[in-house]
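To start, the structure under review is shown below, and the notes come after it.
The values are calculated or read from the model by the stated rules, or taken from the named source; none is laboratory data. Please read all numbers here as calculations on a predicted model, not as lab measurements. No Cβ is skipped: glycine too gets one built from the backbone with ideal geometry, and neighbour counts run over all protein chains shown. Surface accessibility is based on the protein's heavy atoms, side chains included, excluding ligands, DNA and RNA. Shrake-Rupley method; radii C 1.70, N 1.55, O 1.52, S 1.80 Å.
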Amino acid sequence: YGIWPLAWFALVPALVAQFRLLPTRWSSLGCAIYTGLWLGPFLARLFGSGFGPVFQYLGVLIAVITFFTAKERIFHERTSYRWFIAYGVINWVGFEMIRATFIPIVATSAFIGYTQATQPWIIQPVSIFSVYGLNILIILVNYTLAQSLMTILDRHGLATGSIQVDPRATRRWLIGTGSALVGWVLVSLIILLTLPEMPSVRVASLRPNFPIPAHQDTVNTDQVRFDTFAEQALEAADKGAQIIYSPEMMFNFDPQHSYTQEFRDLAARTNAYLFLSYTVSKEGQDWRNEAVMLSPSGVFSEVYGKYHTWMIGEQPTPSAGKFPVFSTPLGKSAIQICHDNNYTDVARKLAGNGAQIIGAPFREFAGFGEQAWTNALFRAVENRAAVVVIGVSSVSAIINPNGSLVALDTDINGSRMTMVGDVTLGSGGAPYTLLGDVLGWTMLAAYIFFMIYPSIVNRRANLKADVKMPAE
């Protein structure tokens, strides 16, 4: 997953095995093996050991389900592989839209497009076409390469099955896909080279290495957490930081009601804008997972409430649903909390309200810290806004609006980090901010069509077979 070139052809061996090397009856074994080899170790590392054996072996379970459900070879043979590439692209990206919209625990995490996070030269068009556009292109390349190899095998008589791919159709797909890829890269380079020059601001991401949420932490008291934050904030200020961020659930109290003067004194001493993330979990009160900005002059901003809950059991925050942007002499700042970064809508709304730099505090877990920054990076490129990632123990990142990394640190074992860097303010104006996930919804509609169409084709084929039998 972390070796970006592999994404462009990683599916080819599984597809060729499924549709050419294996007998029809066992064809689904190809994608089942691929799924198990990828998702098995990937999910085990992503969730670590803290989520129990369900997640440790989830990849194996998905592989078994894939073996019994991936029966599309019959459909493609009956349609002479006319829909092979379109079906593959739509199924992949359409399902990504489903999980990104309707499966909260996953959202957009591990999107195929996120594999390109370290390559600013190729990801700029997502500011027009969304990450779904990049997902479409990557899967399109995979399926076109697979069909091309299948055509070669057919030509030399090296494949199972009697239905061959039309070489003329393959040639057209190669020309179309190649043109799309070249066009995408050219547009990306043009955007990258023509983005307006914007001022920079020095920011700090404070990672305290407190993996347990403040309201559950029995070791690091409120005073310990404040003292740690103050120590790191002063360290960052000594390095010139003008905006300082804390991670999600750093404090178990509202800074406007507890330690208020201490925070105001710290803001004045650092002469920096402090973004403070906290929970309020007192009995008899509504659960609150919020963040607030404190100016050097001691003025608190409007509160931002976490919008997307991670899974069943996480209570919604009453203040959620507002997307405030704070005007400062340094630029227009905003914040979104943890799982909000794994969706596309919150950053889009903040950018639509004028945000030039967005804080992204996380309470990440285990291997998710290795992936969280990629999700936030695409929120930056989509909306041409800078993003600062602040993890509790394993991830810190400062990301320019074009997706280039000012700084990145991941540590699956957890460590303390005071990261300081100069980030360019966003210029805004990205078409995606206005258009949203139109391509994703289009793929979902086509996905629903392809859930129905194969059964129609199979039913027609069975009816023809029933009609022929008496005549024979």
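A few points about this structure:
- Screening Asp286, Asp254 for residues that are in a loop (DSSP other than H, G, I, E, B) and crowded, with 17+ Cβ neighbours inside 10 Å leaves exactly one candidate, Asp254.
- Segment 68-94, residues that are in a helix (DSSP H, G or I), over 15 Å from Asn142 (Cβ atoms), open to solvent by 40 Å² or more (accessible area, probe 1.4 Å) and among the hydrophobic types (A, V, I, L, M, F, W, C): Phe68, Ile74
- Total residues in segment 160-192, condition at pLDDT below 95 and open to solvent by less than 30 Å² (accessible area, probe 1.4 Å): 1
- Residue in segment 53-66 that is within 21 Å of Phe368 (Cα to Cα) and in contact with a Phe, Trp or Tyr (Cβ under 6 Å, 6 or more places away or on another chain) present: yes
- Test result for Ser28, touching a residue at least 24 places away in the same chain (Cβ under 8 Å), of a type in the set (Ser, Thr, Tyr), surrounded by fewer than 21 Cβ atoms within 10 Å (Cβ to Cβ) and more than 22 Å from Gln371 (Cβ to Cβ): yes
- Subset of segment 277-289 [within 26 Å of the chain's Cα centre (by Cα) and without any contact (Cβ under 8 Å) to a residue 40 or more places away in the chain]: Arg288
- Any hit, segment 234-248, residues being in contact (Cβ under 8 Å) with a residue 60 or more places away in the chain, more than 27 Å from the chain's Cα centre (by Cα) and open to solvent by less than 10 Å² (accessible area, probe 1.4 Å): yes
- When Val60, Val64, Val54 are checked against the criterion of being surrounded by fewer than 20 Cβ atoms within 10 Å (Cβ to Cβ) and free of Cβ contacts under 8 Å to residues at least 12 places away in the same chain, Val54 stands alone in meeting it.
- Count of residues meeting criterion [open to solvent by less than 30 Å² (accessible area, probe 1.4 Å), assigned to a strand (DSSP E or B) and polar (S, T, N, Q)] in segment 376-422: 2
- Every test in (1) touching a Gly at 6+ places or on another chain (Cβ under 7 Å); (2) assigned to a helix (DSSP H, G or I) is passed by Val201 save one, and that test is (2).
- Residues of segment 332-343 that turn out to be outside any helix (DSSP H, G or I) and open to solvent by less than 10 Å² (accessible area, probe 1.4 Å), as a count: 5
- Just one of the listed residues (Ser148, Ser130) is in contact with a Phe, Trp or Tyr (Cβ under 7 Å, 6 or more places away or on another chain), small (Gly, Ala, Ser) and at pLDDT 95 or above, namely Ser130.
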